[in-house]
Amino acid sequence: MQMQAWECANPVGVEALAWRALPMPEPKAGEVLVEIKAASLNFPDKLIVENKYQFKPPLPFVPGSEFAGIVQAVGEGVAHLQVGQRVICLHGTGGFATHACLPAILALPMPAGFTFEDGASLLMTYATTIHALVDRAPCRRARRCW
């Protein structure tokens, strides 16, 4: 069985990414296989395919740090997730694909009422926005400026 993914074999920029058929991964102990339904695109995703990010995964790799989907399989010892469960994931890589295997601890149950698009942007995108607005540029009640 195969999956599809944007593969980075040479991190010189997005133009080097290639859409490829890859073997379907199988979860090992402590891992889950997620069918990806949505992934967010963040600044680190651009930097990582340009070899400019502090984290440098072994080549080749599939970029895409933040994604949401449905658990397709669980490895031995995974008790907090089950097949068919909707999850949000922050793994660092693997999100720009149809499927990803990752440590189960990095997959969280998706909040009720969330769309896959909402879930795929919660952990990194939303958290970065809150950090910028609350910690770096504290929000204040707006004053009339006219």
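Only the coordinates and a few stated rules stand behind these numbers; no lab work does. Since this is a predicted model, take the numbers as computed values, not measurements. Cβ atoms come from the backbone with ideal geometry, glycine included; neighbour counts cover every protein chain shown.
Numerical summary
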{"read-out": "Per-peptide average of other Cβ atoms within 10 Å, ordering 84-93, 24-33 highest first", "value": "84-93, 24-33"}
{"read-out": "Packing-based order for 119-129, 57-67, using average beta carbon neighbours within 10 Å, highest first", "value": "57-67, 119-129"}
{"read-out": "Environment charge at LYS52 (Cβ cut-off 14 Å; Lys +1, Arg +1, Asp -1, Glu -1)", "value": "0"}
{"read-out": "For the chain: relative contact order, % (alpha-carbon pairs under 8 angstrom, 6 or more apart)", "value": "26 percent"}
{"read-out": "Cα centre as origin, Lys/Arg/Asp/Glu Cβ charges: the chain dipole, Debye", "value": "800 debye"}
{"read-out": "Phi-based couplings in Hz for region 73-85 (Karplus 6.51, -1.76, 1.60; Gly and Pro marked x)", "value": "7, 10, x, 4, x, 8, 10, 8, 10, 9, 4, x, 6"}
{"read-out": "Region 2-136 pair-distance distribution - Cα-Cα, 10 Å bins, rounded %", "value": "13, 42, 34, 10, 0"}
{"read-out": "Computed [θ] at 222 nm, deg cm²/dmol, the chain (DSSP H ≥ 4; -39,500 (n - 2.57); rounded to nearest 500)", "value": "-2000 deg cm²/dmol"}
{"read-out": "Amide H contacts of GLY64 (H built 1.01 Å from N, under 5 Å, at least 5 apart or other chain)", "value": "GLY94, GLY95, PHE96"}
{"read-out": "From phi via Karplus (6.51, -1.76, 1.60), per-residue ³J(HN,Hα) for region 53-63 in Hz, x at Gly/Pro", "value": "9, 5, 8, 10, x, x, 8, x, 9, 10, x"}
{"read-out": "Note, ³J(HN,Hα) from phi for region 129-135, Karplus 6.51, -1.76, 1.60, rounded to Hz, x at Gly and Pro", "value": "5, 4, 4, 5, 6, 8, 8"}
{"read-out": "Linear extension gain, HIS80 paired with GLN4, 0.36 nm per residue minus alpha-carbon span", "value": "24.6 nm"}
